[in-house]
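Scroll down for the structure; my scribbles are underneath it.
The values are calculated or read from the model by the stated rules, or taken from the named source; none is laboratory data. In this text, all values refer to a predicted model and were calculated from it rather than measured experimentally. So basically every Cβ, Gly included, is an ideal-geometry build from the backbone, and we count neighbours across all protein chains shown. Only protein heavy atoms, including side chains, enter the accessible area calculation; ligands, DNA and RNA are left aside. Shrake-Rupley method; radii C 1.70, N 1.55, O 1.52, S 1.80 Å.
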Amino acid sequence: MTDERAGERGPGPDRDRSFETREVHASARNDQYGALATPIYANSTYEYDTMDGPRGGHRYSRISGPTREDLEGAFADLEGASHAAAFASGMAAIDAVCSLLTGGDHVVVGESVYAETHELLTRVYAGYGIETTVVDSTDPGAIADAMREETAMVYAETPTNPTLRIVDIEATAGVVDDHPGDPLLVVDNTFASPYLQRPLERGADLVVESLTKYVGGHSDVVAGAVATREDDLAEEIAYYQYARGGTPGPFACFLALRGIKTLSARMERHCRNATAVAALLDGHDAVERAYYPGLESHPNHAVAREQMADFGGMVSAEFAGGREAAAAFAADLDVFVLAESLGGVESLAEHPATMTHQDFSREELERAGIPPGLVRLSVGTEHREDLLRDVEDSLDGLTS
Ligand SMILES: Cc1ncc(COP(=O)(O)O)c(C=O)c1O
C-alpha cells in the first residue's frame, strides 16, 4: 500500500484542488523522461546497486512497482484515503478485506450485495468458521439487531446490485461504532465510484471497489482496489496483497489509471442518461416498477440525495409480463448490448436471475428482491436520444 504521495514523488495530486483536477493529474509524473502518462513497467524484478537495497525502491513486481504505485496513489487520493492497494479484480480486493476475519468471527452483510461477494462469505469463508447473517442493509436497525458479540465486520454495498437500494453509510457507521466489539464497516463503492460517493468520509473503515466498472470505464480491464485511512488496516491489507499475490499486472494498472482521468466527465454523462432512461421506464404500462435512486418514488431517495453527488448510471426495471417480457425487452434492444458487467461507456442490459445472479437459489433471489421479470441496465455515455429511442422501441414491442 502506498502512502499519501503528495509532495513526495513529483507534482502528483494536490488535495486543495477539486476532484476533477486531481483525477486528470492522477499520474505522479515521476518518469525520468517526463512522460505525462505513467509508463507500463512490464518487468518482474529490479536491480540492486548493492545488497542494501534496490536502486529505485522496488524489488519485485508482486510486491510493488511504479505503475501500480501510481494507481494506488490516485485511487487513495480520490477516495479521500491515506492508503490504497490494487488487486487483480474486484473480487480479489474483497477477498483481501475478508482475509482480515478469523475463525469464529461473525459478519453482517446486505441482502443484495454482488452475487460473488455473497458466495465468498456464505460458502468460502463459512468453511473457515466465519458465520454470516444476511440483512436488509438499508435498515440500520436491522443491522444493529443482527450484530453479536463476535461481529467483526459489517459489509455493505450501495447502491446495491441490481436493486439499487441505498445504504445510509453514516447511520450504519453510527450503529457499527456503538458496538463494543469495534467491528469494521466495509463499503463496496463500485456502483457509485469515488466521484459520486466517498464512504470513508462518512465513517467506513474500508472502501472496496471493482475498478473493472466505472473507474476503468471502457470494458477493457479487470482490476480492483481497497482504500482506508487507518494505518493498521493498511498494513494488514498490504500483507495479504503481498502474501496471497492477487495483484494486477502493469497493463491493467495503466488502463485503470487512464480511466481515472476521465471519471467525472463520464459519470456526469452516465447520470444524465440514466435519469432520462429511468423517467421513461417509470410509469410505462409494460413496467411494473422502475428502480433508480434519482426517482422521487424510490424508497431511499432522500438518503441518496444526501449521500451521493448524483444518482448514478444504473437503472433496473421489473416488467409486468415477468420473465418472458424481460427477455423480449432485452432481445429487442439495439444500442444496449446484452452483456454482464457495468460502468463502461457502452450501454449494457442484463437479466440478473439468469446472468449475474445465476448461482443464487430461488430463495436467495427472493431474499435479494430479484424477481424473474427484472432487467438491469448499465446506461452508457452514448447520445441520450439514441438510448431513449432504443428503450422506447423495445417497450413499444411489449405493448403493441
Ligand atoms: C458491486 C460489485 N462489486 C464487486 C464486483 C467484482 O468485481 P470484479 O468483476 O472486478 O472482480 C462486481 C462485479 O460485477 C460488482 O458489481
Please report Rg over Rh for the stretch 2-260, where both radii come from the alpha carbon positions and Rh follows the Kirkwood definition. 0.98
Could you give the angle, 0 to 90 degrees to the nearest 10, between helix 250-260's Cα long axis and the longest principal axis of the Cα atoms of the chain? 60
Keeping all protein chains in the complex and leaving out DNA, RNA and ligands, what accessible area do you get for R269 with a 1.4 Å probe, in Å² to the nearest 10? 90
If I compute solvent accessible area with a 1.4 Å probe over the protein chains, what percent of it on the stretch 289-400 is carbon and sulfur? 46
Averaged per residue, the 1.4 Å probe accessible area of the chain, protein heavy atoms only, in Å², is roughly 41
Exposure rank, largest accessible area first [E20, E382; 1.4 Å]: E20, E382
Which angle from 0 to 90°, rounded to the nearest 10, does the C-alpha axis of helix 231-244 make with the longest principal axis of the chain? 90
For the stretch 88-100, take each phi angle, set θ = phi - 60°, evaluate the Karplus expression 6.51 cos²θ - 1.76 cosθ + 1.60, and give the result in whole Hz per residue in order, putting x for glycine and proline. 6, 7, x, 5, 5, 5, 5, 4, 4, 5, 5, 5, 6
Low-density loop positions, GluC sites (Glu not before Pro), the stretch 28-117 - DSSP coil, at most 13 other Cβ in 10 Å: E47
How much accessible surface does T262 have with a 1.4 Å probe, in Å² rounded to 10? 60
Please find, in a Gaussian network model of the chain (springs between Cα atoms separated by less than 10 Å), the residue of P39, P54, P352 whose mean-square fluctuation is greatest. P54
Using a 1.4 Å probe on heavy atoms of the protein chains only, the accessible area for D188 in Å², nearest 10, reads 10
Which of the chymotrypsin sites (Phe, Trp or Tyr not before Pro) found in the stretch 96-165 are loop residues per DSSP with 10 or fewer other Cβ atoms within 10 Å of their Cβ? none
